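The values are calculated or read from the model by the stated rules, or taken from the named source; none is laboratory data. From a predicted model like this one, the values you see are computed outputs, not experimental measurements. Note that we place each Cβ from the backbone using ideal geometry, even for glycine, and neighbour counts take in every protein chain shown. Areas reflect the complete protein model, heavy atoms only, side chains present, ligands, DNA and RNA absent. Shrake-Rupley method; radii C 1.70, N 1.55, O 1.52, S 1.80 Å.
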Amino acid sequence: DGGMQLPQLPSGEEVNVKMGYSLANALFSTAHIREWEGSPSEFSFHAEQELLSSIPTYWEEEKVLPLSSLGNQTAIARKKDDSWYIAIQNGSKSLRESIPFHFLGEGRFKVSLFKDAPGKLEMLLHKTMVVDSAHWEEISLPAGGGLLARMEKTTLPLQEIGLSYATE
């Protein structure tokens, strides 16, 4: 983890860190004991709590994703058993990119993805879908925004399951 650099949020610019950025911190941590800022009530959306509680404290595999850019945004994928997790933390400029899921390998995966909701402060967008390694996910994040997702092996057919919003 020593080579990973989190995005720079310049002190001369006013950039508020969004909920998605804070949520993504869970995957960047290398501690074996998790500590969360705030109280459990701040993570009021059930799926959000479920995702946070499922994050392992050690990993079998880790990849830095191609959209990472030193000092601008950091994107990683980590694997434990048959599950992958992705985290992205964005710097001081908005980001619009596609994430390739080629690292998933064989099979289909049910994805639970949380990211900052476009144009809505203090709100997360929760997207669920079933994908395979050929999938590319189009994302847009505001300055100081972030994303956290879990991908678990499934036998469900490829599909988009739903979108919903979570607030603080």
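Is the stretch 41-168 best put as rounded, prolate or oblate by its Cα gyration tensor, with a ≥ b ≥ c the root eigenvalues, rounded for a/c under 1.5, and otherwise prolate when a/b is larger than b/c, oblate when not?
rounded
Work out the FRET efficiency for E106 and Y165 from their Cβ-Cβ distance, taking R0 = 35 Å, and round it to the nearest 0.05.
Values: r = 33 Å, r/R0 = 0.95.
Approximately 0.60, to the nearest 0.05.
Which ³J(HN,Hα) values in Hz, rounded to whole numbers, follow from the phi angles of the stretch 153-159 under the Karplus curve 6.51 cos²θ - 1.76 cosθ + 1.60, where θ = phi - 60° and Gly and Pro get x?
Once θ is set to phi - 60°, the couplings for the stretch 153-159 become 3, 8, 9, 5, x, 4, 5 Hz.
Compute the label zone of S83 within the stretch 99-115: residues whose backbone N is under 13 Å from the point 7 Å along Cα-to-Cβ.
The answer is 110-113.
If T155, T128 are ordered by their accessible area, calculated over protein heavy atoms with a 1.4 Å probe, which sequence runs from highest to lowest?
Working: T155 125, T128 25 Å².
I get T155, T128, largest accessible area first.
Going down the list K79/K153; K80/K110; K110/K153; K79/K115; K18/K63, which pairs span over 18 Å between their C-alpha atoms?
Numbers: K79/K153 12 Å; K80/K110 15 Å; K110/K153 6 Å; K79/K115 20 Å; K18/K63 24 Å.
Result: K79/K115; K18/K63 exceed 18 Å.
Can you pull out the trypsin sites (Lys or Arg not before Pro) in the stretch 66-104 whose DSSP state is coil and whose Cβ has at most 13 other Cβ atoms within 10 Å? Display every interim value, and only then the final one.
Numbers: sites: R78, K79, K80, K93, R96; in loops: K93.
Answer by residue number: there is no such site.
Taking 0.36 nm per residue of separation and subtracting the Cα-Cα distance, what length does fully extending T57 through D132 add? Can you show the working numbers first?
On the way: separation 75, 0.36 × 75 = 27.00 nm, distance 2.53 nm.
Result for the pair: 24.5 nm of gain on full extension.
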